[in-house]
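Remarks on the structure that follows.
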Amino acid sequence: MSSLAPDNRISLHKLEVFARVVERGGVRLAAEELFVSQPVVSAHLRSLEERLGVKLFRREGRGMELTEAGTEVHVWATEVLRGRTELDRSLRDISRGAAGRASIGSSMSVGNYVLPPLLVDFRRGHPHASISLSPSSVEIALEGTLSGRYDFSVLATDAVLDTDSFEAELIARPSFCLVTAPDDTRVGDAVSVAELTGLSFVCPPAGMAIRRSQDSALAAIGVVDRSVAIELGSAESMKVAVQGGLGVALLWRASVQRELDTGLLREVRISGQDLRDKLYLVQRRGRRLTEFQNTLTGVIRAGVHTCLAPHS
């Protein structure tokens, strides 16, 4: 038989018949399992040999044995059929929103404290999912959402978003928590609104979205000017400054809950007040999410309330 280039019209069915003959050790058993006659199986094998340009089997007594070329073809056919099976499963998962890809942008506190447990739990239940999370500033997340780098973003902001460019859904109102060092005797367990203006604050830098959200929440209760001890760009660095006695900080409860539970920080209640931020699910206007992405956003909507709830 001549050694020609393989025929590209080889069907998956012929590969399946060939693989079944190898696995069952002969034409008769393969034909019985496939519910066809032996001549049909033999015809598929001859056709496959013709299209590949090689001999697949040689006779050994009353049995059949793979040639060297047949062994190579069997390895290849097994991989092709396995890939087909995996594709079938993936397509079924995609059709019911159980598999797919999602690239998510987020603001820092959301990406560091809220979304990771939700996404990890979701990924465990969806082994064929591909998920990417990129915490950054609100401005960078919005730019990535608009450009298509992110399928959607989950952002904490009190800014009014451009409705011509974005669709924004308010999905939660995260609670702010005023914290201080556990041994800071300058601050009691509760303060009045009037007393807030006399405290030194550890703050994010002016211009950051979280700073604007803090300022907006405080302005809503009449605090429009506060003393700033230091400006730091992340919740983790702010917590270090508070633990070092530089002042109090107004942070998401979700971002300080561990320190409250372990006694590394102490909560200071603002008498009669419940300060909250705004959490949005944002996507580019007109962008259509896949079934998988819709499933994931549904999980995020349902899960953020549990993640943001105070621990007992």
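Can you list residue pairs whose Cβ atoms sit under 7 Å apart, with the first residue in the range 185-210 being in contact (Cβ under 8 Å) with a residue 60 or more places away in the chain and surrounded by fewer than 19 Cβ atoms within 10 Å (Cβ to Cβ) and the second being in a strand (DSSP E or B) and among the charged types (D, E, K, R)? Count only pairs 6 or more apart in sequence or on different chains. As it stands, the answer is 189/269; 190/269, since those pairs meet every condition given. Cβ contacts < 6 Å: first residue within 17 Å of residue 114 (Cα to Cα), restricted to the range 158-178; second residue acidic (Asp, Glu) and part of a loop (DSSP other than H, G, I, E, B), any location; separation 6+ or different chain. Result? Here the result reads 174/277, each pair linking the range 158-178 to a residue that is acidic (Asp, Glu) and part of a loop (DSSP other than H, G, I, E, B).
Residues that are under 14 Å from residue 152 (Cα atoms) and of a type in the set (Ser, Thr, Tyr) were ranked within the range 115-138; the one that is least open to solvent (accessible area, probe 1.4 Å) is 136.
Yes/no per residue for (1) over 21 Å from the mean Cα position of the chain (by Cα); (2) within 30 Å of residue 144 (Cα to Cα); (3) modelled with pLDDT of 95 or more:
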| residue | (1), (2), (3) |
| --- | --- |
| 235 | yes, yes, no |
| 240 | yes, no, yes |
| 264 | yes, no, yes |
| 268 | yes, no, yes |
| 281 | no, yes, yes |
| 289 | no, yes, no |
| 294 | no, yes, no |
| 307 | no, yes, no |
| 311 | yes, no, no |
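Considering the range 227-276, the residues that are in contact with a Cys (Cβ under 7 Å, 6 or more places away or on another chain) and assigned to a helix (DSSP H, G or I) include one that is least open to solvent (accessible area, probe 1.4 Å), namely 256. Within the range 96-114, the residues that satisfy the criterion of being part of a strand (DSSP E or B) and surrounded by 18 or more Cβ atoms within 10 Å (Cβ to Cβ) are 100, 102, 103, 104, 105, 106, 107.
Please determine, by comparing only the residues of the range 56-79 that are part of a helix (DSSP H, G or I) and surrounded by fewer than 16 Cβ atoms within 10 Å (Cβ to Cβ), which one is nearest to the chain's Cα centre (by Cα). Full working, then the answer.
So in the range 56-79, the residues part of a helix (DSSP H, G or I) come out as 68-79.
Then keep just the ones that are surrounded by fewer than 16 Cβ atoms within 10 Å (Cβ to Cβ); that gives 68, 71-72, 75-76, 78-79.
Details: 68: 46, 71: 41, 72: 39, 75: 35, 76: 34, 78: 32, 79: 29 Å.
The extreme case among them is 79.
Taking the conditions (1) open to solvent by less than 50 Å² (accessible area, probe 1.4 Å); (2) more than 17 Å from residue 281 (Cα to Cα); (3) in contact (Cβ under 8 Å) with a residue 60 or more places away in the chain in turn, residue 182 satisfies each one other than (1). Quickly run through the range 145-161 and pick out the residues that are at pLDDT 95 or above and either in a helix (DSSP H, G or I) or surrounded by fewer than 20 Cβ atoms within 10 Å (Cβ to Cβ) (or both). Passing the criteria: none in range. Residue 127 passes every criterion in (1) at pLDDT 90 or above; (2) not in a helix (DSSP H, G or I) apart from (1). Condition first: part of a helix (DSSP H, G or I), out of contact with any Phe, Trp or Tyr (no Cβ under 6 Å at 6 or more places or on another chain) and of a type in the set (Phe, Trp, Tyr). Can you find one or more residues in the range 32-39 that meet it? The answer is no; no qualifying residue exists. Here residue 302 clears all of (1) of a type in the set (A, V, I, L, M); (2) within 30 Å of residue 148 (Cα to Cα); (3) in contact (Cβ under 8 Å) with a residue 60 or more places away in the chain except the condition numbered (3). If we keep just the residues of the range 13-36 that are β-branched (Val, Ile, Thr) and closer than 17 Å to residue 66 by Cβ, which is most open to solvent (accessible area, probe 1.4 Å)? For the range 13-36, the residue satisfying everything is 22.
The values are calculated or read from the model by the stated rules, or taken from the named source; none is laboratory data. Quantities reported herein were computed from a predicted structural model and do not represent experimental measurements. Positions of Cβ are generated from backbone atoms using ideal geometry, with glycine treated the same way; all protein chains shown enter the neighbour counts. The protein model used for the area step is the full one, side chains on, heavy atoms only, and it has no ligands, DNA or RNA in it. Shrake-Rupley method; radii C 1.70, N 1.55, O 1.52, S 1.80 Å.
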